[in-house]
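The values are calculated or read from the model by the stated rules, or taken from the named source; none is laboratory data. Since this is a predicted model, take the numbers as computed values, not measurements. Because the Cβ atoms are built from the backbone with ideal geometry, glycine has one as well, and the counts that use them run over all protein chains shown. Side chains are part of the model used for accessible areas, which takes the heavy atoms of the whole protein and leaves out ligands, DNA and RNA. Shrake-Rupley method; radii C 1.70, N 1.55, O 1.52, S 1.80 Å.
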Amino acid sequence: MESIDQVNGTLPLEGLRVVDSADEKAEMAGRLLADLGADVIRVEPPGGAVSRRLPPFHGEESLYFAVRNTNKRSVEIDPHSETGRERLLGLLEGADIWLETSRPGEWAAIGLDPPELSRRFPQLVITSISDFGATGPYRDMSGTDPVLVSLSWMLFKAGVPELPPVLPPGALAYDIAGITGAFAALAGYRQRLHSGRGQCIDLSVMESVAQTTDWGLANVSPSGAPPAMSEVRNGAGPIYPIVRCADGWIRPSVVTVAEWRKLRAWLGEPEELQDESFDTTTGRYMAFETVLRPIYERFFSQLSMIEACEEGQRRRIPVTPLLPPNRVLEAPQYRALESFVDIEIGSGDRGRIASGFYLVDGERVGVREPAPAPASRDDSPQWQSRAEPVVVSPSRDGDAGPFSGLRVLDFGVAGAAPEIARLLGEYGADVIRIESPRRPDLFRQLGGPSGVSAVFASSNRTKRSFGVDFTEPEGVEAVMELVGSADVVVENLPPDTLARWGLGPEVMRAANPNLLVISSQTMGLRGPWREWRGYGANTQPVGGMTALWSLPDHDEPVASNVAFPDHVVGRLGAVAATAYLIGRERSGRGVHVEIAQAEVCLNILADLFLKESLEPGSVGPRGNRSERGARGVSTRAQGISSGVSSRAAPTRSGDRCAGRWVSRSGPPMPTSRP
């Protein structure tokens, strides 16, 4: 198939200008927009962005900055000076989107209040991202990535009861907020195309992370009862166990009765596992340490990670290997997907960087240019004239949602694709969920006779449902009728499932050339592991995250059972859908976007993999030890022009408090880089 450049002649956001004043908490937003073709101008304060002084480092080079600012340009502006304010206003006057992460009221104090600027520049979509949002009792508080992870339920489920909760690696909260912010900004821009008006968008990091942790909150909220055993910090547990094998660890997921019985047959039908109580999660939970774990480890000790996964996947059991960083970089699947590319960083050294979240019509859409070198405060930037932006005549329904009038067909199962469709539906799209009575969705099955569990309701609100028997020609014909009137199709079925029904992406796009198809599979649609299946918990081990989400001095991985990748795929899919719907206004053509779920981990932890490629053996689990010190906070919290951050000795970032654990954030500790 032709590449996206050959088909459409451009990336979907070419012509869109973004002023990026985001600090560490949302630089991923501008990075995503730049990946998709926007002209992103990174505005840095005097001395450079705070993130230029954030770990991990290679020599003097911040790899944090390097991976979150690729494809951007940079200018240094001091907004506290009159000249700087005029320069910033000049950029905003010609921009479509402004990404900013100041504390509420901070810009207003220097005469740059976002709501006032929105009135002054009516074309501008302002996306303000702060730790707790612009309203409410927490609005004036400062947070950090660990604090936001803690307040958003994610840390509650990370680790085992006898040990402190374990912080995730990387900057998970702020990167999730950045991805969510990219969707918010593009949704606002698409609405502007049809209404003729920009807007101010207020986005809270805390809310963004809480909505992407997993379905634990949805399960608890209907009854108000304490969390069930599957919703607390129980390590891997019996559903997603971490099991030792000959050369490492694997994670076989045992969610359904069918998966349990397949695993039991693989184990040789041990007599002690025949009791029907093992068909239940509760039964397996109660006997996990005393019965199941010893049997698992005796059996898998004879197999390597890859041998165990290949055989398990052949038996249609979701099982994936727990790959450390060095093995992630060399994995044959990621070589086939070209998940990493070589890049030169500021020091002149070359390393391996995760190449981006998207494949579009078979071509990678992601890293093209390295992060910009430090800008000069004295330079007057001569910006190239931008490409012609998309122009759409404002319509009468300009006050409707940004996706009003669009039709989305949802062929999703469980979480990933249904989350994409839900987000589009909540902002105006008509979403029709295509379901088969022969194979009810897993989340429907959790709801018992009603077919509506809390997790199903959470990921499928705002949708309609269409039941169809895909084995009958009339059923396929009925679906094809809907395809003809659709704008977007989302699916996360096993590879080739739609094609076997005569509904493959090529067939649907031939019938409707305007159609945008978004596919999300565990390992993608190509490569030696393309047939591997799994849940959100399976993407983390094979994506290198589980090996790093642990304690450095612990004999075995201290696993998390947080299934956040499904939700992150939902936001990434919504970003892609919005970008290509905007681009379709110019090209008139649809595309096929692929999001390999395991690549979510690769790209969110891209700075750590880059460091490992530059300094082999340097990256491992840190637990709750932070390169930034116990406070885990930079002078970012001190003002929009601050350019100093802390780089203190590693120390623990969690304290015990009345039988519970809290994540600390204290006053800034400004230090210079060594």
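Residues that are among the charged types (D, E, K, R): which strands (runs of 3 or more DSSP E) entirely in region 436-531 hold 2 or more of them?
Once the strands (runs of 3 or more DSSP E) in region 436-531 are filtered for at least 2 residues that are among the charged types (D, E, K, R), what remains is 463-467.
Considering only residues that are β-branched (Val, Ile, Thr), in contact (Cβ under 8 Å) with a residue 12 or more places away in the chain and open to solvent by 50 Å² or more (accessible area, probe 1.4 Å), which ones fall in region 251-281?
Across region 251-281, the qualifying residue is only VAL257.
Which numbered condition in (1) more than 19 Å from ASP214 (Cβ to Cβ); (2) crowded, with 24+ Cβ neighbours inside 10 Å; (3) in contact with a Lys or Arg (Cβ under 7 Å, 6 or more places away or on another chain) is the only one that VAL575 fails?
Among (1) more than 19 Å from ASP214 (Cβ to Cβ); (2) crowded, with 24+ Cβ neighbours inside 10 Å; (3) in contact with a Lys or Arg (Cβ under 7 Å, 6 or more places away or on another chain), VAL575 violates only (3).
Select, from VAL479, VAL468, VAL488, the only residue that is of a type in the set (Val, Ile, Thr), farther than 24 Å from VAL575 by Cβ and at pLDDT 90 or above.
The match here is VAL479.
What pairs come up if the first residue lies in region 151-167 and is closer than 13 Å to ALA563 by Cα, the second is β-branched (Val, Ile, Thr), and their beta carbons are under 6 Å apart, counting only those six or more places apart or on different chains?
TRP153/THR213; MET154/THR213; MET154/VAL562; LEU155/VAL149; LYS157/VAL562; ALA158/VAL166
I need a count of the residues in region 413-472 that are in contact (Cβ under 8 Å) with a residue 12 or more places away in the chain, open to solvent by less than 40 Å² (accessible area, probe 1.4 Å) and more than 30 Å from PHE183 (Cα to Cα).
Matching residues across region 413-472 total 3.
With respect to ALA354, determine if the residue is in contact with a Ser or Thr (Cβ under 8 Å, 6 or more places away or on another chain), of a type in the set (Gly, Ala, Ser) and either at pLDDT 95 or above or under 20 Å from GLN540 (Cβ atoms) (or both).
It is true that ALA354 is in contact with a Ser or Thr (Cβ under 8 Å, 6 or more places away or on another chain), of a type in the set (Gly, Ala, Ser) and either at pLDDT 95 or above or under 20 Å from GLN540 (Cβ atoms) (or both).
Checking PHE183 against (1) open to solvent by less than 10 Å² (accessible area, probe 1.4 Å); (2) under 14 Å from the mean Cα position of the chain (by Cα), which test does it fail?
(1)
Go through (1) more than 27 Å from ALA34 (Cα to Cα); (2) crowded, with 18+ Cβ neighbours inside 10 Å for ARG298 and report which single condition fails.
The failed condition is (2).
With respect to ALA331, is the statement that it is farther than 28 Å from TYR580 by Cβ and at pLDDT 95 or above true?
Against the criterion (farther than 28 Å from TYR580 by Cβ and at pLDDT 95 or above), ALA331 qualifies.
Applying the selection to region 170-180, what residues are open to solvent by 10 Å² or more (accessible area, probe 1.4 Å) and in a helix (DSSP H, G or I)?
THR180
Kindly provide the set of residues from region 85-127 that are of a type in the set (A, V, I, L, M), open to solvent by less than 10 Å² (accessible area, probe 1.4 Å) and either within 13 Å of ASP20 (Cα to Cα) or assigned to a loop (DSSP other than H, G, I, E, B) (or both), ordered by number.
If the condition is that a residue be of a type in the set (A, V, I, L, M), open to solvent by less than 10 Å² (accessible area, probe 1.4 Å) and either within 13 Å of ASP20 (Cα to Cα) or assigned to a loop (DSSP other than H, G, I, E, B) (or both), then LEU88, LEU92, ALA95, ILE97, LEU99, LEU112, LEU124, VAL125, ILE126 are the ones that fit.
Residue pairs, Cβ under 6 Å, 6 or more apart or interchain, first in region 98-119 and among the acidic types (Asp, Glu) and modelled with pLDDT of 90 or more, second surrounded by 14 or more Cβ atoms within 10 Å (Cβ to Cβ) and not in a loop (DSSP other than H, G, I, E, B). List them.
Matching pairs, first to second residue: GLU100/SER21; GLU100/SER128.
Does region 596-618 include one or more residues that are β-branched (Val, Ile, Thr) and outside any helix (DSSP H, G or I)?
There is no residue in region 596-618 that is β-branched (Val, Ile, Thr) and outside any helix (DSSP H, G or I).
Might you check whether a residue that is farther than 25 Å from SER459 by Cβ and surrounded by fewer than 22 Cβ atoms within 10 Å (Cβ to Cβ) occurs anywhere in region 513-521?
yes
Pull out all pairs, ordered by first then second residue, where Cβ-Cβ is under 9 Å, the residues are six or more apart or on different chains, the first lies in region 491-503 and is free of Cβ contacts under 8 Å to residues at least 40 places away in the same chain, and the second is hydroxyl-bearing (Ser, Thr, Tyr) and open to solvent by 50 Å² or more (accessible area, probe 1.4 Å).
TRP501/THR471
Of all the residues that make up region 160-183, how many are closer than 13 Å to GLN211 by Cα and in contact with a Pro (Cβ under 6 Å, 6 or more places away or on another chain)?
Result for region 160-183: 0.
Determine whether LEU167 is assigned to a strand (DSSP E or B) and surrounded by 21 or more Cβ atoms within 10 Å (Cβ to Cβ).
no
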